[in-house]
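The values are calculated or read from the model by the stated rules, or taken from the named source; none is laboratory data. Please read these numbers as outputs of a predicted model, since none were measured by experiment. Ideal geometry is used to build each Cβ from the backbone, glycine not excepted, and the neighbour counts take in all protein chains shown.
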Amino acid sequence: MKTHMTHSLKLCLCTIIITAIAGCKSAPKPRALYVPVPEPNLPASANGSIWVPDQFSSYSIGRYVDPHDPGVLHDAHTLYRRETTGRWNLAPAYSLPPVSAEMKHDTIMLRDALTAELNRQRATSEALIAQARTLDQHLRELNAQSQEFHNVLQQSYQLRDQLMLVSNRLESIEGQLRNQQHFSERPASQP
């Protein structure tokens, strides 16, 4: 029994020692990766292009009684409230190249070409709309004719059914007449 207890005690001590050693191991520190970026040469006046300042609004407030102490009267004054706080300007700071006379001429040429293309597209669109209206009108006429044809076809089916009924009735009447003639001729020939 004593050996079993010492064995359990040794096992417990080993577990505590291993846990303590594992707990002492420190986690590896992440290394920061620095990528050198050339610093822009911004003049002091360009600070406005990198920082958007706070925006304030002013409100004129008339006399009022303090809501926390009815014995205190506040005189009319102006209240200033910061609406937005300053922040970094994340918009790219690109400067456009100076516009030359040749670029102005090219811009005018492109604008004229674009206007001509837009006019051509507009005319094409209007022609397509007119064709679509014509096609829609023809489709409506075709639908009306199709409905008319369907109605005529239904009437022809009804007339065929009526004709079959009349034909069957006529055949039965003719059969009855034949039977009557056959019976009337037989007694006359037997005397």
* **Residue that is part of a strand (DSSP E or B) and either modelled with pLDDT under 90 or hydroxyl-bearing (Ser, Thr, Tyr) (or both), where the choices are LEU79, LEU96** => LEU79
* Which of the residues belonging to region 101-126 are of a type in the set (Asp, Glu) and either at pLDDT 90 or above or not in a helix (DSSP H, G or I) (or both)? -> ASP112, GLU117, GLU126
* Residue list for region 60-75, restricted to those being touching a residue at least 12 places away in the same chain (Cβ under 8 Å) and in a loop (DSSP other than H, G, I, E, B) -> GLY62, ARG63, ASP75
* Test for ALA46: is it in contact with a Pro (Cβ under 9 Å, 6 or more places away or on another chain) and at pLDDT below 90 -> yes
